[in-house]
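Reviewing the structure listed below.
The values are calculated or read from the model by the stated rules, or taken from the named source; none is laboratory data. The structure presented is a predicted model; accordingly, all values stated were derived computationally and were not measured. Virtual Cβ from ideal backbone geometry, glycine too; neighbours counted across all protein chains shown.
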There are 2 protein chains.
Amino acid sequence: MKKLASYVSGSWVEGAGAARPLHNPATEEVLAETSTKGVDFAGALSHARTRGGPALRGLTFAERGELLQAMAGAIHDAREELIALAVANGGNTRGDAKFDIDGASATLAAYAGIGRELGSAKVLIDGEPVQVGRTARYQGIHIRVPRQGVAVHVNAFNFPAWGLGEKAACAILAGMPVVSKPATATALVTHRIVELVIERKLLPEGALSIVTGGAGDLLTHLGPQDVLAFTGSSQTARTLRALDNVIARSVPVNIEADSLNAAVLGPDVAPGSEAWQLFCADVVRDMTQKTGQKCTAIRRVFVPAGRMDEVAEALSERLATVVVGDPAAKGVGMGPVSTADQLRDVRQGIERLAAQTQAVFGADGEVTPTAVPAGKGWFVGPVLRRAADARAATAVHEHEVFGPVSTLLPYDDSAADAAALVALGEGGLVASAYTDDRDFARDIVLGLAPWNGRVYLGSEKMAAQSMGPGTVLATLLHGGPGRAGGGEELGGLRGMELYQQRTAVQGDKGLLKGLTE
Amino acid sequence: MKKLASYVSGSWVEGAGAARPLHNPATEEVLAETSTKGVDFAGALSHARTRGGPALRGLTFAERGELLQAMAGAIHDAREELIALAVANGGNTRGDAKFDIDGASATLAAYAGIGRELGSAKVLIDGEPVQVGRTARYQGIHIRVPRQGVAVHVNAFNFPAWGLGEKAACAILAGMPVVSKPATATALVTHRIVELVIERKLLPEGALSIVTGGAGDLLTHLGPQDVLAFTGSSQTARTLRALDNVIARSVPVNIEADSLNAAVLGPDVAPGSEAWQLFCADVVRDMTQKTGQKCTAIRRVFVPAGRMDEVAEALSERLATVVVGDPAAKGVGMGPVSTADQLRDVRQGIERLAAQTQAVFGADGEVTPTAVPAGKGWFVGPVLRRAADARAATAVHEHEVFGPVSTLLPYDDSAADAAALVALGEGGLVASAYTDDRDFARDIVLGLAPWNGRVYLGSEKMAAQSMGPGTVLATLLHGGPGRAGGGEELGGLRGMELYQQRTAVQGDKGLLKGLTE
């Protein structure tokens, strides 16, 4: 049995005691096991702070960018190996796996590019200088400097490559060492990437560690210069946020949690039009890509009341072509969910939705998967539901079913009604609106913006080059208010803010000038 | 007996039951009393959200700026009345009172100016557009829009005017209604300002409410679009941060809490030089202004080991000239602390410091105040201590004594040693460094920056126009990491970030252009 170790304090350490298995979710075969029992987490954080931190802070942005470029290169070089691991351990189709793995290398490369642009600086200047005295001699500026602790990244099971890469890119470019903790169930991909980075000595010692397995008391050792970034369930997020040391020592916490992402079909969009096709393609992609296990997937589809039947029919036709089965088999378009627990949660979620909605496609998600031993695997088929009254279907706005499940909800053709309905989700990562109408576009974007970290406007003119609302880009913010956790990741330079202290400096203009020379 | 009411849900409401007294801390005379028992706090928040929010969001930045200018004008018009209230209820000297009250009107006026500059916009554009597709047609932008809830401001007893003004300026300009809760003990000034604003109808109904007295269950009703900003003790901050709804609904919380602000005398600064004089003046001002009850006051003074005696002597000479007594009396330079509880805390703090330090001036703070009935008033004299070993004097780095108390600590002449010692405070609002040496200035600023929200560089060339590190400016960030709470207030446009949702919007360039037209 392959045993996964953690890389902490400069060496690979296997935990003691009973190990947790990692499965192939299509066959239930055990692929590896891991434990972190006995790992010295306080020591691991201290090593990152005292070795990795100073090493990264000693580098310019351009030099840190080169580190990220090297990581991107290592992932790209091992692409086929990583895809195979993702198919086996994640239930990913090849397309799903590429989405995750190429997403990781693309994000690292994007931040490498930002590093090149920032060049030989080590300190970022924030905004313009201001005069703070009677004369221009006495000035104030704002600078951003790396926090002097460690960034702990607790990632979700659905993006083992991208989750590592997108968070590490921002932290390392900002000058902070990273301790990454992938979800245990799908850790093979993350573990292999970190192995490559360590084997090839791509980063200074202490700049990247990995905790493969339970986090133990790791988070209780976080202090005032450390940072915690978490992606996962809102329930776990609450526990992390409420940790005594996190509260008492003002540890910055970035949360990316549940989100009932919405799509709004504009009243101007006629069946068969470009925007209509884009809308249908985006909804179906979001339902089925990674078996709906995307934090950005569309869960609620708001449709002008008069178009509900047409939308139901168009989406059902497309969903009917999706082949569910072992993603290693040819022709399979959607794999299993990643764990037995996920399957149980998805089934419970469908039941909860079913009590307030009507079936459109896939009923309760029962499916006979292709190329899978009978009775094996954690499979659920695509499920589309509909509600007659969007406000009455409260579960649809409260319960994120983290699988290939979505619900159609009617609205009254006005942007105000659609925005108010989206707001019932209490804060999301992304909302999309499909329209070619300038006025509706403005009204719906301004209506959606307070409640969503990203708004995607689908229209005829960009349809040919869109990757859909579910794709997170390095240049645009990822995160959302309320239920979505209130965090902000990525967005170019913005993604580094979490890892930097912004400090005002006031003094004689000449002395201030000397700071960055 | 004057009874203070709360202004909530569009009317003045007196609480039922036993009222809490507000005192004159110099004479212990009761000036007024207040209660909030029975006040409908859930209704108050709802009123602000549904009446005040839409009214403010309907205005342009320039129009919101005009509201702030009117508030600034009202405070300025009532300046003498407010000063008298601050002297009576806050233990303020006339100078202390002006610092608070003029600070409020200046900050409101500064944000009014920002409003004028932003003009007819209602939405802020954050950064440059980015291309997100193959062609320039498909773009991403970031916008900042007002959060659609209410901003609750819980303020500290020491700045009843400025605390209201600086927080309200940022929230109202951003487009959010405010419910302000001043500290009960010194609420007379805040209460009078809100009375003026309401009487004169300077703001749209629902844009400003005041809770005069206990907060009851106010904070338990905060939701995902609301904001909480708190200034006060780290102990209370912990309680607020840990509230179930605040954690579960990702309510943004800005904390400005304890801070062991440091001053560092550069090794190049010779006794008698301009920078030396500035240093001495700043330390003494920070110790005695508002009787040391300033969150930005200098608590730890780091001195090159060889200069400890000279600094002790120079500061003692200046402190000896400070007359302590009833601030209403002529010639008095320092009043009492604001409450009996504060006096008890300060006395306990001095005791704790005394166990690890030696007396330089004022011993334990016993003082016979001028123009005060015998045995009355909550007085403590200026206390300067010194430690032989800066690292051994652990209490000095951990315990903020919120009164006219400071400690001299030696360092080894290197910026690295000074910065490491400052960091023992685990995060502060402001640190100051006095030097005319370009290299020392750079090293100390970059060493202090990760641990402090603001760094003040005192030097010969700006000495004549400096107001010292204790003065918070509207244009520079106020807040600090770790023990200081991890918050950010003010800093011009930056001060509005807490009250805005930053949202990425991606779509066809033409449609995006329509958003802000």
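Taking helices (runs of 4 or more DSSP H) as the structural unit, no element lying wholly within segment A:55-143 holds at least 1 residues that are modelled with pLDDT under 95 and within 19 Å of the chain's Cα centre (by Cα). Only one of these conditions is not met by A:Met1: (1) outside any strand (DSSP E or B); (2) surrounded by 15 or more Cβ atoms within 10 Å (Cβ to Cβ). Which number is it? In the conditions (1) outside any strand (DSSP E or B); (2) surrounded by 15 or more Cβ atoms within 10 Å (Cβ to Cβ), A:Met1 misses (2) alone. Can B:His153 be described as within 14 Å of another protein chain (Cβ to nearest Cβ), part of a strand (DSSP E or B) and either out of contact with any helix residue (DSSP H, G or I) (no Cβ under 7 Å at 6 or more places or on another chain) or over 30 Å from A:Ala110 (Cβ atoms) (or both)? Judged against the criteria, B:His153 is not a match. Given the criteria part of a helix (DSSP H, G or I) and not polar (S, T, N, Q), does A:Ala441 qualify? Yes, satisfied.
Segment A:298-404 holds helices (runs of 4 or more DSSP H) entirely within its bounds, and those carrying 2 or more residues that are surrounded by fewer than 21 Cβ atoms within 10 Å (Cβ to Cβ), of a type outside the set (S, T, N, Q) and over 25 Å from the mean Cα position of the chain (by Cα) map to A:308-319, A:340-354. Any idea which residue in segment A:408-444 is surrounded by the most Cβ atoms within 10 Å (Cβ to Cβ), counting only those that are closer than 29 Å to A:Phe379 by Cβ and over 22 Å from the mean Cα position of the chain (by Cα)? Within segment A:408-444, the match that is surrounded by the most Cβ atoms within 10 Å (Cβ to Cβ) is A:Leu409.
Scanning segment A:481-492 turns up no residue that is more than 7 Å from every other protein chain (Cβ to nearest Cβ) and either farther than 21 Å from A:Gly428 by Cα or touching a Phe, Trp or Tyr at 6+ places or on another chain (Cβ under 8 Å) (or both).
Residues being closer than 30 Å to B:Gln131 by Cβ, in a strand (DSSP E or B) and of a type in the set (A, V, I, L, M, F, W, C) are entirely absent from segment B:481-498.
A search for C-beta distances below 9 Å between a residue of segment A:499-517 that is more than 8 Å from chain B (Cβ to nearest Cβ) and of a type in the set (D, E, K, R) and any residue that is crowded, with 18+ Cβ neighbours inside 10 Å and in a strand (DSSP E or B), counting only pairs 6+ apart in sequence or on different chains, returns A:Lys509/A:Tyr138; A:Lys509/A:Gln139. Give B:Ser259, B:Ser273, B:Ser233, B:Ser250 a once-over and let me know the one that is within 11 Å of chain A (Cβ to nearest Cβ) and of a type in the set (Ser, Thr, Tyr). When all the criteria are applied, what remains is B:Ser250.
Only one entry in B:Ala207, B:Ala242, B:Ala185, B:Ala215 is buried (at least 22 other Cβ atoms within 10 Å of the Cβ) and at pLDDT 95 or above, namely B:Ala207. Residues in segment A:445-473 that are facing chain B (nearest Cβ under 7 Å), surrounded by 24 or more Cβ atoms within 10 Å (Cβ to Cβ) and either assigned to a helix (DSSP H, G or I) or not aromatic (Phe, Trp, Tyr) (or both): 9 in all.
Which ones in segment A:273-297 are part of a helix (DSSP H, G or I) and either of a type in the set (A, V, I, L, M, F, W, C) or more than 24 Å from A:Gly103 (Cβ to Cβ) (or both)? Selection gives A:Glu274, A:Ala275, A:Trp276, A:Gln277, A:Leu278, A:Phe279, A:Cys280, A:Ala281, A:Val283, A:Val284, A:Met287.
In the condition set (1) under 25 Å from A:Val30 (Cα atoms); (2) in contact with a helix residue (DSSP H, G or I) (Cβ under 6 Å, 6 or more places away or on another chain), A:Glu195 is compliant with all but (2). Return the residues of segment B:409-442 that are more than 10 Å from every other protein chain (Cβ to nearest Cβ), of a type in the set (Asp, Glu) and touching a residue at least 12 places away in the same chain (Cβ under 8 Å); say none if nothing qualifies. Listed by number, the residues that qualify are B:Asp412, B:Asp413. Which of the residues that make up segment A:93-118 are in contact with a Leu (Cβ under 9 Å, 6 or more places away or on another chain), more than 15 Å from A:Gly65 (Cα to Cα) and not acidic (Asp, Glu)? A:Ala97, A:Ile101, listed by residue number.
Quick check: is even one residue across segment A:121-140 within 30 Å of A:Gly232 (Cα to Cα), surrounded by fewer than 23 Cβ atoms within 10 Å (Cβ to Cβ) and in contact with an Asp or Glu (Cβ under 7 Å, 6 or more places away or on another chain)? No, segment A:121-140 contains no residue that is within 30 Å of A:Gly232 (Cα to Cα), surrounded by fewer than 23 Cβ atoms within 10 Å (Cβ to Cβ) and in contact with an Asp or Glu (Cβ under 7 Å, 6 or more places away or on another chain). Taking the numbered list (1) farther than 24 Å from A:Arg116 by Cβ; (2) outside any helix (DSSP H, G or I) in turn, A:Arg192 passes all entries but (2). If A:Gly163 meets every condition in (1) in contact with a Gly (Cβ under 9 Å, 6 or more places away or on another chain); (2) more than 9 Å from chain B (Cβ to nearest Cβ) apart from one, which number is that one? Status for A:Gly163: all satisfied but (1).
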